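Undergrad: Provided herewith is a single structure, encoded as structure tokens, for subsequent inquiry.
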Amino acid sequence: MYSIGQLAKISNITVRTLRYYDEIGLLKPSSKTSGGHRLYTDQDITRLHHIITLKDLGLELESINEVIKNKQSNLRETLNLRLEKIKFECEQLTRAEQSIHSILELMSLDHISNWEDIFYTFNNYPASKIELEEIWRLHFTLKEQQTLSLLPSFGDGSELTQKWISLVNDIHKNIEESTQGENARDLAERWISLVEEMFKGDHELAQKTWQLTNSGNESLGFYQFDQEVVKFIEDAINYHFINNRGEI
């Protein structure tokens, strides 16, 4: 027989916890001394170790009590339910992690300077992948959707996303300059190069996506540049690479 102190030491658990398990009927001592001190048997130790194992798996004490009372009858069902809950929690954590990465990268844009701008931009995207795919089906062919699914996005930590952040920040630094100057030409050249890399040379899809995104009718899941950037880059490209037939 083991005293409560001995059991606590053997099982690496506190005396307070053992007393609580006794109070709720999860692990009652097999007997008590004449003075009322709890005494535990080897069978009690085995039961305690089962409790500890199930608790480590994340089961609530009430569920553990039911499992132990019913022996193996509902252990499989209980563990399967716990597994489903773990999967759901992992999915939630993954989404939360992605959202945090997205917000952190949005905060890298110099012109977004307050919480309202950050969360307005973040919340302007479709709420789920399913919703986004439904929107894309209305505007793009299956082949186009496959290309779009590979585009960089805020939160992915890709080199291409970092290039876009750097470019947009540089455009804002030069937004007051003439779109006919050399700085504007360099920025337009970087823009065209990034679009080429993103869309794998599919200029038609790039133009289609640009027009739909800037129409403002609905969010397609792409970052929507503010109108100052849109006007600056369109004017710079028109002047340096279309009207003057410049070459990159």
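Undergrad: Where does the chain land on Rg/Rh, using Cα atoms and the Kirkwood Rh?
TA: On the Cα set of the chain, Rg over Rh gives 1.31.
Undergrad: Using Stokes-Einstein with the Kirkwood hydrodynamic radius over Cα pairs, what translational diffusion coefficient do you get for region 1-59 at 25 °C and a viscosity of 0.890 mPa s, in µm²/s rounded to a whole number? Before the final figure, lay out the partial values.
TA: Working: Rh = 11.5 Å.
My calculation gives 213 µm²/s for D.
Undergrad: Still on this structure, I have one more. Normalised radius of gyration for region 1-106, please: alpha carbon Rg relative to 2.2 N^0.38 Å, two decimal places.
TA: Region 1-106 yields a ratio of 1.47.
Undergrad: Return the single residue from 169, 70, 12 with maximal mean-square fluctuation; model: Gaussian network over the chain, springs between Cα atoms under 10 Å.
TA: Greatest mean-square fluctuation among the candidates belongs to 12.
Undergrad: What span do the alpha-carbon atoms of region 153-248 cover on each of the three principal axes, reported in whole Å from largest to smallest?
TA: 32, 27, 26
Undergrad: So if I take the alpha carbon set of region 31-78, get Rg, then get Rh from the Kirkwood formula, what is the Rg over Rh ratio?
TA: A ratio of 1.09.
Here, each number is a calculation from the coordinates, and none is a lab measurement. The shown structure was predicted, so the numbers you read here are calculated from the model rather than taken from an experiment.
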